[in-house]
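The values are calculated or read from the model by the stated rules, or taken from the named source; none is laboratory data. Computed from a predicted model, the values in this text were never measured in an experiment. Heads up, the Cβs are rebuilt from the backbone with ideal geometry, glycines too, and the neighbour counts pull from every protein chain shown.
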Amino acid sequence: MATSGRLDIFATVQPGLEPLLLDEVRELGWTAAKAQPGGISFEGGWPDVWRANLLLRGAGRVLVRIGAFRAEHLAQLDKRSRQLPWAEFIPDGRRVRVEATCRKSRIYHSGAAAERIEKSLRLATAAVRGDVDDLRVFVRIDQNICTVSIDTSGELLHKRGYKHDVGKAPLRETQAALFLRACGYNGAEPVLDPMCGSGTIVLEAAEIAKGLAPGRGRSFAFENLRGFDPSLWGQMKQEIASAEIVSDQRFRGYDRDEGVVAASTSNAERAGLSSITSFNKQNISNLECPEGPAGLVLVNPPYGARIGEGHALSSLYQTLGRRLKEEFSGWRAGIITSEERLAKATGLPFSEIGPPVPHGPLRIRLYRTATL
Ligand SMILES: C[S@@+](CC[C@H](N)C(=O)[O-])C[C@H]1O[C@@H](n2cnc3c(N)ncnc32)[C@H](O)[C@@H]1O
């Protein structure tokens with residue numbers, strides 16, 4: 001397919017975060033983009049697909065939809081899926097995995113649906129099945145409408161490529177980026193996380209300040225697709241890298257756990273962010289406001305307590321709220337937690353409470369204040 005051909009692009013996001021990703025997609029120039037449940041759709045050519053993978057901070061994956069049709073039984077699925085333009089996208093010999101989901105549809109067996117689609121794909125392209133895949137095809141049958149998409153990302157996009165060491169309950173980088181956006185952060189102010197774990201929030205904020213592309217250190221599935229042009233891709237990466245910004249802001253992370261502080265420091269080194277970030281061991285009860293301009297405190301304290309830990313957590317949140325109210329006049333604060341009771345325990349004057357966002361078995365929300 002020519003690089004100028006129009007493609008139906010879909011950037012996925014966790015439910016609840018669609019408006020924030022829509023904002024980001026539009027800001028990057030895809031102004032006609034539209035929000036749908038679970039993602040943002042827009043049109044473009046292959047360079048748009050590469051650029052979306054490279055630059056979108058909030059998207060989980062970037063998919064290209066190659067067809068949608070009605071299918072009420074497997075024979076229909078067979079027939080229609082054989083008409084899809086597989087060979088325009090998938091080169092021969094690639095190892096492709098097909099994953100199907102069925103919802104409220106007459107075809108209810110996702111395994112059987114995936115098998116049929118896989119067969120059509122193999123008839124058209126000589127793709128092979130393998131334990132490790134080069135490419136993935138997602139099939140969604142919803143109310144008898146079958147949508148077929150090719151994944152252009154590969155590993156989920158929150159895997160930026162520099163984070164080898166993660167703490168116990170890390171936020172996804174994509175979530176951190178969108179919560180920063182929800183707090184109105186645009187790279188021009190300092191950010192501090194007093195319970196930083198593996199440093200996700202601090203590193204994401206520092207990358208935004210430096211204008212670094214989140215995907216600069218990783219590979220993508222689109223490199224295995226037919227529309228890929230390595231020299232154009234190299235040029236695109238170079239142009240974006242040359243637009244790096246010199247930031248004079250500071251990005252600070254603290255945690256009481258020495259191990260995660262060391263992990264955050266190594267993550268920052270690998271990401272090329274050591275010069276503007278610092279990570280130190282410190283208990284929340286010793287938190288002080290740093291010198292310099294006011295900015296944003298964004299924190300994701302522990303939650304999801306086992307029975308018996310509730311009281312200790314309330315008192316941790318109380319201490320956090322007290323330190324912020326006493327020390328951080330002129331700053332804004334955002335607290336990411338799964339429990340309203342704990343957010344309230346901070347005693348902070350929240351001006352806005354975000355929608356629930358899935359996080360493992362829990363649902364977390366962003367509670368944010370105006371200037372304190
Ligand atoms: C949910 S984790 C934060 C995860 C982090 N956002 C990330 O993405 O890796 C909560 C962190 O709070 C830290 N913590 C718990 N109690 C603390 C205290 N009293 N003072 C400082 N840090 C504390 C834990 O060590 C843990 O790393």
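Here are the numbers for the structure shown:
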item: Top-ranked residue of region 75-121 - restricted to ones that are aromatic (F, W, Y) and surrounded by 20 or more Cβ atoms within 10 Å (Cβ to Cβ), ranked as nearest to the chain's Cα centre (by Cα); result: F89
item: Only listed residue being at positive phi, surrounded by fewer than 19 Cβ atoms within 10 Å (Cβ to Cβ) and under 18 Å from the mean Cα position of the chain (by Cα), chosen from G217, G292, G211, G272; result: G211
item: So E352, is it part of a loop (DSSP other than H, G, I, E, B), exposed (fewer than 13 other Cβ atoms within 10 Å of the Cβ) and of a type in the set (D, E); result: no
item: Residue among F251, F279 that is crowded, with 22+ Cβ neighbours inside 10 Å and touching a Cys at 6+ places or on another chain (Cβ under 8 Å); result: F279
item: L287 crowded, with 19+ Cβ neighbours inside 10 Å and touching a helix residue (DSSP H, G or I) at 6+ places or on another chain (Cβ under 9 Å); result: yes
item: Failed item, numbered, when R122 is tested on (1) among the basic types (K, R); (2) part of a helix (DSSP H, G or I); (3) farther than 25 Å from F228 by Cβ; result: (3)
item: The lone exception for V139 - which of (1) crowded, with 17+ Cβ neighbours inside 10 Å; (2) closer than 30 Å to L366 by Cβ; (3) outside the structural domain of G354 (by TED's automatic domain parsing); (4) modelled with pLDDT of 95 or more it fails; result: (2)
item: One residue from G330, G334, G347 being touching a residue at least 60 places away in the same chain (Cβ under 8 Å) and outside any helix (DSSP H, G or I); result: G334
item: Count of region 227-251 residues which are out of contact with any helix residue (DSSP H, G or I) (no Cβ under 8 Å at 6 or more places or on another chain) and either closer than 30 Å to I150 by Cβ or within 13 Å of the ligand (Cβ to nearest atom) (or both); result: 7
item: Close pairs from region 272-294: first free of Cβ contacts under 8 Å to residues at least 24 places away in the same chain, partner within 16 Å of the ligand (Cβ to nearest atom) and β-branched (V, I, T), Cβ under 9 Å, at least 6 apart; result: S274/T265
item: Which numbered condition A206 fails, given (1) in contact with a strand residue (DSSP E or B) (Cβ under 7 Å, 6 or more places away or on another chain); (2) of a type outside the set (S, T, N, Q); (3) within 12 Å of the ligand (Cβ to nearest atom); result: (3)
item: Where T101 falls short, out of the listed (1) part of a strand (DSSP E or B); (2) among the hydroxyl-bearing types (S, T, Y); (3) within 16 Å of the ligand (Cβ to nearest atom); result: (3)
item: Residue in region 258-269 that is without any contact (Cβ under 8 Å) to a residue 40 or more places away in the chain, surrounded by fewer than 16 Cβ atoms within 10 Å (Cβ to Cβ) and within 23 Å of R368 (Cα to Cα) present; result: no
item: Odd one out for Y254, checked against (1) within 9 Å of the ligand (Cβ to nearest atom); (2) closer than 16 Å to E204 by Cβ; (3) among the aromatic types (F, W, Y); result: (2)
item: Strands (runs of 3 or more DSSP E) completely within region 175-285 that count 2 or more residues being touching a Pro at 6+ places or on another chain (Cβ under 8 Å) and modelled with pLDDT of 95 or more; result: 251-255
item: Residue under evaluation H311, criteria (1) outside any loop (DSSP other than H, G, I, E, B); (2) within 11 Å of the ligand (Cβ to nearest atom); (3) at pLDDT below 95, criterion not met; result: (2)
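Residue by residue, here is whether (1) out of contact with any Ser or Thr (no Cβ under 7 Å at 6 or more places or on another chain); (2) away from the ligand (no atom under 14 Å from the Cβ); (3) of a type outside the set (S, T, N, Q); (4) without any contact (Cβ under 8 Å) to a residue 24 or more places away in the chain holds:
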| site | (1), (2), (3), (4) |
| --- | --- |
| T147 | yes, yes, no, no |
| E155 | yes, yes, yes, no |
| R172 | yes, no, yes, no |
| N186 | yes, yes, no, yes |
| E189 | yes, yes, yes, no |
| T200 | yes, no, no, no |
